[in-house]
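So the structure is just underneath, and the comments pick up after that.
The values are calculated or read from the model by the stated rules, or taken from the named source; none is laboratory data. Everything quoted here is computed from the prediction, not taken from an experiment. Here Cβ is always computed from backbone atoms with ideal geometry, including for glycine, and neighbour counts include all displayed protein chains. When the accessible area is computed, the model is the full protein with side chains, heavy atoms only, and any ligands, DNA or RNA have been set aside. Shrake-Rupley method; radii C 1.70, N 1.55, O 1.52, S 1.80 Å.
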Amino acid sequence: MKNTNTTALKFTGIIMIVFAIVYAIVGTLALIGTVNGALPGHESQETLVVVLAYAVALFALICGVACVKGNTGSAKICGAIFAVVGLISLIYLQVVQSAFSIADCLAVCFGVSIFYISSKIEKGE
């Protein structure tokens, strides 16, 4: 079962790296006004929304690399941080702009799944 969990962690890591790149590109395009309506809060260039979005993208990249390398300890910590930052971004956007960001929702889901898979690998299950 450990081999299956390791494969799942590496696959999730690859998805995280792609997610980070796409999220950063779409965020940048929304920030400069090329894409409209993709990420709430970017068009108005609200500072905290943009900072949280790039923090999510950065943590996704770091976490993805840790997952692909198979470093379960780092992946577990990064997954937890990634989920918390995504949740903060999701809640902040909901409270301030009454908007829902599917990208932040996916970030929370990915972070929780990485934390769970890494925990299973560390326990030897």
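May I ask you to verify whether residue 75 is touching a Cys at 6+ places or on another chain (Cβ under 9 Å) and of a type in the set (A, V, I, L, M, F, W, C)? Talk me through it step by step, then tell me what you get.
On the way: touching a Cys at 6+ places or on another chain (Cβ under 9 Å): yes; of a type in the set (A, V, I, L, M, F, W, C): yes.
Yes; evaluated as a whole, the condition is true for this residue.
Go through the range 31-62 and report how many residues are of a type in the set (Asp, Glu) and modelled with pLDDT of 75 or more. Walk me through how you get there before you give the answer.
Just the residues of the range 31-62 that are of a type in the set (Asp, Glu), to begin with: 43, 46.
Checking which are modelled with pLDDT of 75 or more leaves us with none.
Matching residues across the range 31-62 total 0.
Take residue 18 and decide whether it is at pLDDT 90 or above, part of a helix (DSSP H, G or I), touching a Lys or Arg at 6+ places or on another chain (Cβ under 7 Å) and β-branched (Val, Ile, Thr).
Here the answer is no, as residue 18 does not meet what is asked.
Restricting attention to the range 96-108, and to residues there that are open to solvent by 40 Å² or more (accessible area, probe 1.4 Å) and touching a residue at least 24 places away in the same chain (Cβ under 8 Å), which single residue is nearest to residue 9 (Cα to Cα)?
106
Among the residues that make up the range 79-93, is at least one of them open to solvent by 10 Å² or more (accessible area, probe 1.4 Å), in contact with a Gly (Cβ under 8 Å, 6 or more places away or on another chain) and touching a residue at least 40 places away in the same chain (Cβ under 8 Å)?
no
Within the range 65-119, how many residues are touching a helix residue (DSSP H, G or I) at 6+ places or on another chain (Cβ under 8 Å), over 20 Å from residue 5 (Cα atoms) and not in a helix (DSSP H, G or I)?
3
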